[in-house]
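The values are calculated or read from the model by the stated rules, or taken from the named source; none is laboratory data. For clarity, every value in this text was computed on a predicted model and none was experimentally measured. With ideal geometry, Cβ positions are generated from the backbone for all residues, glycine too; neighbour counts draw on all protein chains shown. Note: areas computed on protein heavy atoms with side chains; ligands, DNA, RNA excluded. Shrake-Rupley method; radii C 1.70, N 1.55, O 1.52, S 1.80 Å.
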Amino acid sequence: PFVYAAALEKGRSPLYSLSDAPLFITLEDGQTWVPRNYSNDYEGDLTLRDALKRSKNMVAIRLGQEIGPEAVQDIARRAGIDTEIPPYPSIYIGSAAVYPLDLIAAYAPFANGGMRVEPRFIKRIEDGEGRVLWEPSSFPAVAMSPAVSWIMTDMLREVVDGGTGYAARNPAIGNLSYDIPAAGKTGTTNDATD
């Protein structure tokens, strides 16, 4: 979602279209990287909204190439990912290793009006009479504009409501079923290592 959020910041619309055709990318060392969609099917031109909903890697990679790794790294950092994200083309489909807590924190601004709030393990420390001895500062920081946050949340809602995350809505497919508002993103791991 950080690729899409960075693209929105750069003026792209959810209706902006890119090709979902196969890609062959020559890396700096001369090797060729041939990414693929998880489903191994390709659908031609797709809007950003549909590509995110269907988790189309080729569109995400092309979009990342258009906006550049710096834009993706920047919004991910502002959102809460503190680990280094290398400028490789594979980061556009989530190849960078990050701490789970960082990833959880980085998704929060999508649903929080663009505001980043640090996760806290300790809410406060009180003495025996209830006086607060210590409390962490709770000043939210702006990670993205409220408009980008709202559009991304709406796009991520479609992932759950009818895209690759639909198993969460349909008891015939998945183990969970609920009808409350939800937004999310599916993903696969690199060789099932993470």
Given the -39500 (n - 2.57) contribution per DSSP H run of 4+ residues, what per-residue ellipticity at 222 nm results for the chain, rounded to the nearest 500 deg cm²/dmol? -10500 deg cm²/dmol
To test your reading of the geometry: what angle, between 0 and 90 degrees and rounded to tens, separates the Cα axis of helix 57-67 from the longest principal axis of the chain? 80 degrees
Note down the nm distance, to one decimal, between modelled labels 7 Å out along Cα→Cβ at SER39 and at ARG124. 5.0 nm
Selected from THR26, THR83, THR153 as most flexible by GNM, with the chain as the system and alpha-carbon contacts under 10 Å: THR26
Just grab the label-to-label distance for LEU133 and ILE180, each label 7 Å out from Cα along the Cβ direction, in nm (one decimal). 3.4 nm
Please build a GNM for the chain, connecting alpha carbons under 10 Å apart, and tell me which residue among GLY130, GLY163, GLY94 fluctuates the most. GLY130
Check: the stretch 63-153 dipole with +1 on Lys, Arg Cβ and -1 on Asp, Glu Cβ, in debye: 180 debye
So which chymotrypsin sites (Phe, Trp or Tyr not before Pro) in the stretch 4-103 pass both tests, a DSSP loop state and at most 12 other Cβ atoms within 10 Å of the Cβ? PHE24
Please report the equivalent ellipsoid semi-axes of the chain, computed as sqrt(5 x eigenvalue) of the Cα gyration tensor, largest first, in whole Å. 32, 21, 17
Using the eigenvalues of the Cα gyration tensor, what equivalent ellipsoid semi-axes result for the stretch 13-75 when each is taken as the square root of five times the eigenvalue, whole Å, largest first? 20, 17, 9
Among LEU101, LEU27, LEU156, determine the one that fluctuates most according to a GNM of the chain built with springs between C-alpha atoms less than 10 Å apart. LEU27
Given a 1.4 angstrom probe, what's the average accessible area per residue across the chain, in square angstrom? 59 Å²
For the chain, take the longest principal axis of its alpha carbons; what is the angle in degrees between that and the long axis of helix 100-111, to the nearest 10 within 0 to 90? 90 degrees
